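A short write-up of the structure that comes next.
The values are calculated or read from the model by the stated rules, or taken from the named source; none is laboratory data. Quick caveat, the model's predicted, so the values are computed rather than measured. Every residue, glycine among them, receives a Cβ derived from its backbone with ideal geometry; neighbour counts consider all protein chains shown. The protein model used for the area step is the full one, side chains on, heavy atoms only, and it has no ligands, DNA or RNA in it. Shrake-Rupley method; radii C 1.70, N 1.55, O 1.52, S 1.80 Å.
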Amino acid sequence: MSTLVKEDLFENLLESAPANFTEARQTAKDLYLESGLPAPKEEEYKFTGITKKLEKSLSNFNQAKQLSVEETLIKETVFQGFEGDVLVFSNGKFLQEVSSSIEGLEVSDILSSSAEIGSIAKAEKDAFAALNQASFSGGISIKVPKKTKVEKPILLLSFNGVNDGQVITPRFWIEVGDFSEVTFLDQSISMGEEAYFVNKVVEIKGGLNSHINYYRLQNESNQAIEVSNIETDIQSDARFTSVNISLSGDMVRNNLSLNLLGSNSEGNMYGIYLLNGKTHVDNHTNVDHTIPHAESNEMYKGIFDAQSRGVFNGKIFVRQDAQKTNAFQQNNNVLLSDDAIVNTKPQLEIWADDVKCSHGCTVGQLDEEALFYLQARGIGKVQAKGLLLYAFAGEVMEKIEEESFKNHVVGLIQDRLGSKF
Amino acid sequence: MLTIKNLHAAVEGTPILRGINLEVKPGEVHAIMGPNGSGKSTLASVLAGREEYEVTEGEVIFKGKDLLDLAPEDRAREGVFLAFQYPVEIPGVSSTNFLRTALNQVREYRGQEPLDAVKFLSLMKEKMKLVEIDQKLLSRSLNEGFSGGEKKRNEIFQMAMLEPTLSILDETDSGLDIDALRIVSNGVNKLKSPDTATIVVTHYQRLLEYIVPDFVHVLYKGQIVKSGTKDLALELEAKGYDWIKEEVDAAV
């Protein structure tokens, strides 16, 4: 059955893969054909029935062709206050002609790059990573040389929409040299309301003492289906921070993995889910401590209204050699409706014996006593709720170091919560 | 200003208030005293609009309006202020932000212009002196990590900012040391005017040495069983509540 399903769905996609990185593609294709898409009961996708969703929602499993993206559209789309460089993608394809050229960086279309495809986000770990590696049709390779501070943030702006196909398969390769610093903002825009499926892979390689921020805003249309695999390797003394803000979509699955490969490295993974309607967002995170004296911090906060659904799964591995590890994980959720569901699962596997690790997850409702207190001071119920929920989520927003992006996200969240303060 | 007629209220089906009658006029200070469990805090909560309390009978008229018909926020905007017995800690909400939101919503309801940041801050500075509250506290999250005394002082500070016509102090004295009690009472006294009224709910007479009441009412088993002047409070201080309980229970 599963063989039939996967061939039915993505056979054409695999057949029409671009003729480059042939070895990597072939390896991935074999792996994919062997595993197939996640079956309904498969542990890793237990609460996110992505295979069924794809079967039900899509009819044309071909790569969506490039959409035309005019400069005026880009100008209108870039959020207010942003000052930085913009790299533009249309259905995964890098549009160099309408993108900023960034001095000092080596930027190229992934298809003609020397990216080490699959060396970080390994195809054997996830069926969608394998599918992407076998069939990616566009994307980018960005290399930041050693000792380079990229002063302005880089906005990776993707326009996604149906065009002679409903599948979009972008792949990003990001390499940050020793002692370099860079901030990426990753945002996708839906063109139209038709269902499409984005299967994205981002590989990030951080050198010694590099500092990398990867901030992501997910507010695509409520027909958008997405699976992403973002995986990062960082070396000694390096720091990687991911902040993931999910506000809408149909079904979204984020696999975020972080490999701490050098001592004194620090990895931070933060996220907010603020969902309504029937949006389903699944954050699967994975931190691998392989060496001593590294630190990871993780905090995801969820607010679920209507029939929305959230899944959190946080794996932390502390290998036997990884003594003196500090690893913290927290996932807190507020359910605003009787029909909203959240599944949360911390998963710590610790082989070292001299470590500091903690985890905690909570699922609750809005504090009625706090709500009454605010109302008793004259604050209307909607605004009082907004104030409390904003306070709950605010801790994550504080982690965003790029002010313009933070302000944009705060604005979106306040709008959603129905109150400005 | 406030007329309570035959007020009955219950929590989860258990009757707590069983026919309260009370008339409060502008300029007056009323003290509500009584043994534990007599319904004092319930009365305060019902007036402020706490949802868990179900009013089963009676009416409350405030400045000509049916108070029980209004949402809690509208009661506050009309000028009712409840100083909480247990002020709530709200992490992540800054005291300043909270107060500005509250004040501007109250002002909007009253048809006044919202205060800009500068005017708001100068008003805050002025009112802070009244309750001798430290600015450092107000830059923190609302009540988070405040001591008991600091929380109560913050209640009176909020009261000063919102300028209510009817203030209900629910056991504001409990847990306060003498200094804090003096500061809190001074604040309340300075805010008194011929147009405003205060209801002081307390278990002890001590607070009434600082906030001198015009009337003292004793609540027992959900009814006001005795009313008098401040001398009644002194008598309660000396003799306890048992004699009143006996009187009432004997009459039944």
Query raised in the report: Quick check: is even one residue across the range B:85-94 within 20 Å of A:VAL382 (Cα to Cα) and surrounded by 20 or more Cβ atoms within 10 Å (Cβ to Cβ)?
Result: yes
Query raised in the report: Do we find that B:THR3 is open to solvent by 10 Å² or more (accessible area, probe 1.4 Å), away from chain A (no Cβ under 13 Å) and without any contact (Cβ under 8 Å) to a residue 40 or more places away in the chain in this structure?
Result: no
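Consider B:GLY58 carefully, then state whether it is modelled with pLDDT of 95 or more and not aliphatic (A, V, I, L, M). If you could, list the steps in order and put the result at the bottom.
On the way: modelled with pLDDT of 95 or more: yes; not aliphatic (A, V, I, L, M): yes.
Considered against the rule, which asks whether it is modelled with pLDDT of 95 or more and not aliphatic (A, V, I, L, M), B:GLY58 comes out as yes.
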Report task. List the number of the failed condition for A:ASP233; all other conditions in (1) farther than 21 Å from A:GLU44 by Cα; (2) in contact with a Ser or Thr (Cβ under 8 Å, 6 or more places away or on another chain); (3) of a type in the set (D, E, K, R); (4) in the same structural domain as A:ALA127 (by TED's automatic domain parsing) hold. Result -> (2)
Query raised in the report: Within the range B:166-177, is there a residue that is open to solvent by 40 Å² or more (accessible area, probe 1.4 Å) and outside any loop (DSSP other than H, G, I, E, B)?
Result: no
**Report entry** Matching residues, the range A:157-186, being open to solvent by 10 Å² or more (accessible area, probe 1.4 Å) and farther than 22 Å from A:LEU131 by Cα
**Finding:** A:GLU175, A:GLY177, A:ASP178, A:PHE179, A:GLU181, A:THR183
Report task. Filter the range A:35-55 down to residues that are open to solvent by 50 Å² or more (accessible area, probe 1.4 Å) and over 12 Å from A:ALA123 (Cα atoms), then give me how many there are. Result -> 9
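Looking only at the range B:115-131, decide whether some residue is open to solvent by 10 Å² or more (accessible area, probe 1.4 Å) and within 9 Å of another protein chain (Cβ to nearest Cβ).
no
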Requested in this report: Could you grab me the full set of residues in the range A:58-77 that are in a helix (DSSP H, G or I), open to solvent by 40 Å² or more (accessible area, probe 1.4 Å) and touching a residue at least 40 places away in the same chain (Cβ under 8 Å)?
Outcome: A:LEU73
Query - Residue check, A:GLY418 more than 8 Å from chain B (Cβ to nearest Cβ), within 14 Å of A:ILE303 (Cβ to Cβ), in contact with a helix residue (DSSP H, G or I) (Cβ under 7 Å, 6 or more places away or on another chain) and open to solvent by 10 Å² or more (accessible area, probe 1.4 Å) - result: yes
Report task. Kindly list the number of the only condition in (1) in a loop (DSSP other than H, G, I, E, B); (2) touching a residue at least 60 places away in the same chain (Cβ under 8 Å) that fails for A:ALA39. Result -> (2)
Report task. Could you tell me which numbered condition A:CYS357 fails, if it satisfies all but one of (1) away from every other protein chain (no Cβ under 14 Å); (2) within 30 Å of A:GLY81 (Cβ to Cβ); (3) buried (at least 16 other Cβ atoms within 10 Å of the Cβ)? Result -> (2)
**Report entry** Which numbered condition B:SER139 misses (of (1) within 26 Å of B:ASN186 (Cα to Cα); (2) within 14 Å of chain A (Cβ to nearest Cβ); (3) open to solvent by 80 Å² or more (accessible area, probe 1.4 Å); (4) in contact (Cβ under 8 Å) with a residue 24 or more places away in the chain)
**Finding:** (2)
Query - Qualifying positions in the range A:324-343 - in a strand (DSSP E or B) and crowded, with 20+ Cβ neighbours inside 10 Å - result: A:ALA327, A:GLN329, A:ASN331, A:ASN332, A:ASN333, A:VAL334, A:VAL342
Query raised in the report: Could you say which residue among A:PHE89, A:PHE47, A:PHE61 is in the same structural domain as A:VAL198 (by TED's automatic domain parsing), in contact with a helix residue (DSSP H, G or I) (Cβ under 7 Å, 6 or more places away or on another chain) and of a type in the set (Phe, Trp, Tyr)?
Result: A:PHE61
**Report entry** Selection count, the range A:366-408, where residues are part of a loop (DSSP other than H, G, I, E, B), facing another protein chain (nearest Cβ under 10 Å) and either open to solvent by 60 Å² or more (accessible area, probe 1.4 Å) or touching a Leu at 6+ places or on another chain (Cβ under 6 Å) (or both)
**Finding:** 3
Report summary line: Pairs returned, first residue in the range B:42-61 that is within 14 Å of another protein chain (Cβ to nearest Cβ), second residue that is among the acidic types (Asp, Glu) and buried (at least 21 other Cβ atoms within 10 Å of the Cβ), beta-carbon separation under 6 angstrom, 6 or more apart or interchain, are B:ALA44/B:ASP170
Query raised in the report: Can you spot a residue in the range B:150-166 that is more than 16 Å from B:ALA83 (Cα to Cα) and of a type outside the set (S, T, N, Q)?
Result: no
